[in-house]
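Structure first, then comments.
Each reported figure results from applying straightforward, stated rules to the coordinates on display, with no laboratory input. In this text, all values refer to a predicted model and were calculated from it rather than measured experimentally. Cβ placement follows ideal geometry from the backbone for every residue including glycine, while neighbour counts extend to all protein chains displayed.
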Amino acid sequence: MTIKADVAEAGIYYNLVSKAYSTIPYLKYTTPDTQYEEKAPTGFRVSSETTAVSEFASWWEYRYEGGKYVKKTYGVGINNSGVNSIQPNSSPTGKIENGKWTMKSGYGFSVSAAVGTSDFRSYLAPESSMYTGVQYAYITLPEYSYAFASGKCRTLEKSGSNWVLPVNGRYGRTHFTPLWFPDGDYTPVITQSDMWTPSGMIKAGRTTNTIVIKDSAYDDWYEGRR
């Protein structure tokens, strides 16, 4: 893809710019479903939550208004005040305790992340034709140390005004937690990206609510313990 841009006035051209870019298709990542696993992989440890990132973009342009050029500065960002939530959707024992969801490891949860944009500081709100909406979103997970890599994160799909998990076979829009995940807080991070503006791409990453892991699905389905 080659983009050329210039400013012309009275037959004179200013700031001629030519840029060439390579494009790549979106990568759709998924993770393997949990299976019989007696213990966590060697070397596993619970990672600290990654720091939330909220990005904004600003740019300026001159517009010819009232017989003269007027400089206008615009700003926009990804709305990071919406709800990013996970909720047990396959656990018969999932429940709310002390304001938090609790479930056993090995069961799954659904995802809902709000889509939207927001103004930036005191800058002018740009016209919608000046930028794209968010075009890509993914969830990174504590069992994979929040890695953004094939087999370790999951690409989300847009459904109405939310990002959700893709359909996982007969289980629906579900991500299963590992059977071996230790008791404690389970908090993924959802990142929205590929929102393009005249000053480049912006993205925003934010944690979801926390599900407290307590015991495992083995405690619901066993005949005896070793």
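Close amide H partners of T174, meaning residues 5 or more places away or on another chain with modelled amide H under 5 Å apart, are N168.
Per residue, the average separation of C-alpha pairs within less than 8 Å and at least 6 apart gives the chain a relative contact order of 25 percent. Its residues counted as N, the stretch 107-226 yields a C-alpha radius of gyration over 2.2 N^0.38 Å of 1.33. Each residue of the stretch 89-106 is assigned a 3J(HN,Hα), and the resulting list reads 9, 9, 9, x, 10, x, 7, 9, 10, 6, x, 10, 5, 10, 8, 8, 5, x Hz, derived from the Karplus form 6.51 cos²θ - 1.76 cosθ + 1.60 (θ = phi - 60°), x at Gly and Pro.
For the residue pairs K28/K152; K104/K158; K39/K100; K28/K158, alpha carbon separations beyond 18 Å are given by K104/K158; K39/K100. The lysines within cross-link reach of K4, meaning a Cα-to-Cα straight distance under 16 Å and a gap of 8 or more places when in the same chain, are K19.
For G108, the residues 5 or more places off, or on other chains, whose built amide H falls under 5 Å of its own are N89, S90, S91, T177.
Please build a GNM for the chain, connecting alpha carbons under 10 Å apart, and tell me which residue among T23, T132, T208 fluctuates the most. In this elastic network of the chain, the residue with the biggest mean-square fluctuation among T23, T132, T208 is T23.
Take the Cα of S110, go 7 Å toward its beta carbon, and the backbone nitrogen atoms of the stretch 191-220 under 16 Å from that spot belong to 209. Given H placed 1.01 Å from N in the peptide plane, which residues other than close sequence neighbours of V53 have an amide H under 5 Å from its amide H? HN-HN under 5 Å from V53: G205, R206. Ranked by how many other Cβ atoms sit within 10 Å of their own Cβ, fewest first, the residues F120, F109 fall in the order F120, F109.
GNM remark for the chain: springs join alpha carbons under 10 Å apart, and the peak mean-square fluctuation among I139, I96, I12 falls on I12. Phi angles across the stretch 25-37 convert, under the Karplus curve 6.51 cos²θ - 1.76 cosθ + 1.60 with θ = phi - 60°, into 3J(HN,Hα) values of x, 5, 9, 9, 9, 9, 10, x, 6, 5, 9, 4, 9 Hz, Gly and Pro given as x. Under 14 Å from a point placed 7 Å out from the Cα of T155 along the Cα-to-Cβ direction: which residues of the stretch 167-206 have their backbone N that close? It comes to 167, 193-194, nothing else. Of N79, N168, N89, the residue with the greatest mean-square motion in the GNM of the chain, using alpha carbon springs below 10 Å, is N168.
The stretch 128-183 and the stretch 22-75 have their alpha-carbon centroids 13 Å apart. Taking every C-alpha pair closer than 8 Å and separated by at least 6 residues, the mean separation divided by the residue count of the stretch 89-201 gives a relative contact order of 34 percent. Using alpha-carbon pairs under 8 Å, 6+ residues apart, how would you state the relative contact order of the stretch 16-94 in percent? Relative contact order comes out at 19 percent.
Computed over the stretch 90-161, the alpha-carbon pair-distance distribution with 10 angstrom bins reads 14, 29, 33, 17, 8, each value a whole percent. Karplus-derived 3J(HN,Hα) values for the stretch 121-128, using 6.51 cos²θ - 1.76 cosθ + 1.60 with θ = phi - 60°, are 6, 9, 6, 5, 6, x, 5, 4 Hz; glycine and proline are entered as x.
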